[in-house]
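> Would you mind keeping the following structure in view while I ask a few things?
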Amino acid sequence: MTTTQRGRPRSFDREAALEQAMRLFWERGYEATSVADLTAAMGIRPPSLYAAFGDKRSLFEEVVATYRRTYGARGAQAMAEEPTARAAVARLLREAAAAGTDPAHPWGCLLVSSAVNCTSPEVDQSLRELRDANLRVIESRIRADVAAGHEPPGTDAHALAVFTATVILGMSQRARDGAGRAELEQVADTAMRAWP
């Protein structure tokens, strides 16, 4: 038995439209990006946006998921691939300096820039939970390294993870403010010197 597709078929490239929405949210933030801005950037009309993605918040959630699988995957890769927390964080900071200033996309981090001036408690909470989850991954790696003897026994894993996450968030904002890669690499080097 065959199924019949109802309505008109999509006349746009969904992935390309999603990429445009990601760039707009990344550049302007969640709150400052209107549906009119999105449809103009994506090259579609509002009914097509709603039919393909749901409302603005649903589209944003899909954008965040796509970002985490693509541009935002570097952190998880560093944590998974490097032999120690110290090596993983050093790599994460270097990559944050490079990625945060890459001219191929908006500067900084989508999870940070989208939260600025956000009045939606649900979106704000969702982004905070993602940033907190990243912090917990760093903390877990540090705790494992303390237990394995790779870090000094008295190392406060939570404080060191919070410090690292705060540096990364600050690097993202500095990139948004126009800081270049060299400046952010200096920040990364300084942060690593602060490790025990």
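> Please work out how much length the chain gains when fully extended from residue 35 to residue 177, using 0.36 nm per residue of separation minus the C-alpha to C-alpha distance, in nm with one decimal. Show your work: numbers first, answer last.
Details: separation 142, 0.36 × 142 = 51.12 nm, distance 2.58 nm.
Full-extension gain reported as 48.5 nm.
> Label-point separation (nm) for residue 120 and residue 16, each offset 7 Å from Cα along Cα-to-Cβ?
2.6
> Based on the Cα coordinates of segment 14-68, what is the per residue volume of their convex hull in Å³?
Numbers: hull volume 3.5 nm³, N = 55.
Measuring per residue, one finds 63 Å³ for the Cα hull of segment 14-68.
> Helix-only estimate, please: 222 nm mean residue ellipticity of the chain, summing -39500 (n - 2.57) across DSSP H runs of length 4 or more and dividing by its residues, to the nearest 500.
Working: 10 runs with 134 residues, N = 196.
Helix contribution divided over all residues of the chain: -22000 deg cm²/dmol.
> Can you tell me the Rg and Dmax of segment 88-196, counting just the alpha carbons, in angstroms?
Just the Cα atoms of segment 88-196 yield Rg and Dmax of 14.8, 44 Å.
> Would you mind checking which residues have amide H under 5 Å from residue 116's amide H? H placed 1.01 Å from N; only 5 or more apart, or other chain.
30
> Roughly how compact is the chain, stated as its Cα Rg over 2.2 N^0.38 Å to two decimals?
Cα Rg divided by the expected 2.2 N^0.38 Å: 1.19.
> Tell me, 109, 118 in order of fewest to most beta-carbon neighbours within 10 Å?
Details: 109 25, 118 18.
Starting with the residue having the fewest Cβ neighbours, the order is 118, 109.
> With 10 angstrom as the radius, rank 67, 30, 50 by how many other C-beta atoms surround their C-beta, starting from the fewest. Could the numbers behind the result be given before it?
Working: 67 20, 30 24, 50 16.
Ordered from fewest to most neighbouring Cβ atoms within 10 Å, 67, 30, 50 come out as 50, 67, 30.
> Arranged by the count of other C-beta atoms within 10 angstrom, fewest first, what order do 192, 22 take?
On the way: 192 15, 22 24.
Listed from fewest to most nearby Cβ atoms, that is 192, 22.
> Just tell me the longest site-free run in the chain, where the sites are trypsin sites (Lys or Arg not before Pro) in a DSSP loop having at most 16 other beta-carbon atoms within 10 Å.
Numbers: sites that count: 6, 10.
Formally, the longest exposed-site-free interval is 11-196.
Each reported figure results from applying straightforward, stated rules to the coordinates on display, with no laboratory input. None of the values given here were measured: they were computed from a predicted structure. Neighbour counts are summed over all protein chains in view; Cβ atoms, including those assigned to glycine, are modelled from backbone coordinates with ideal geometry.
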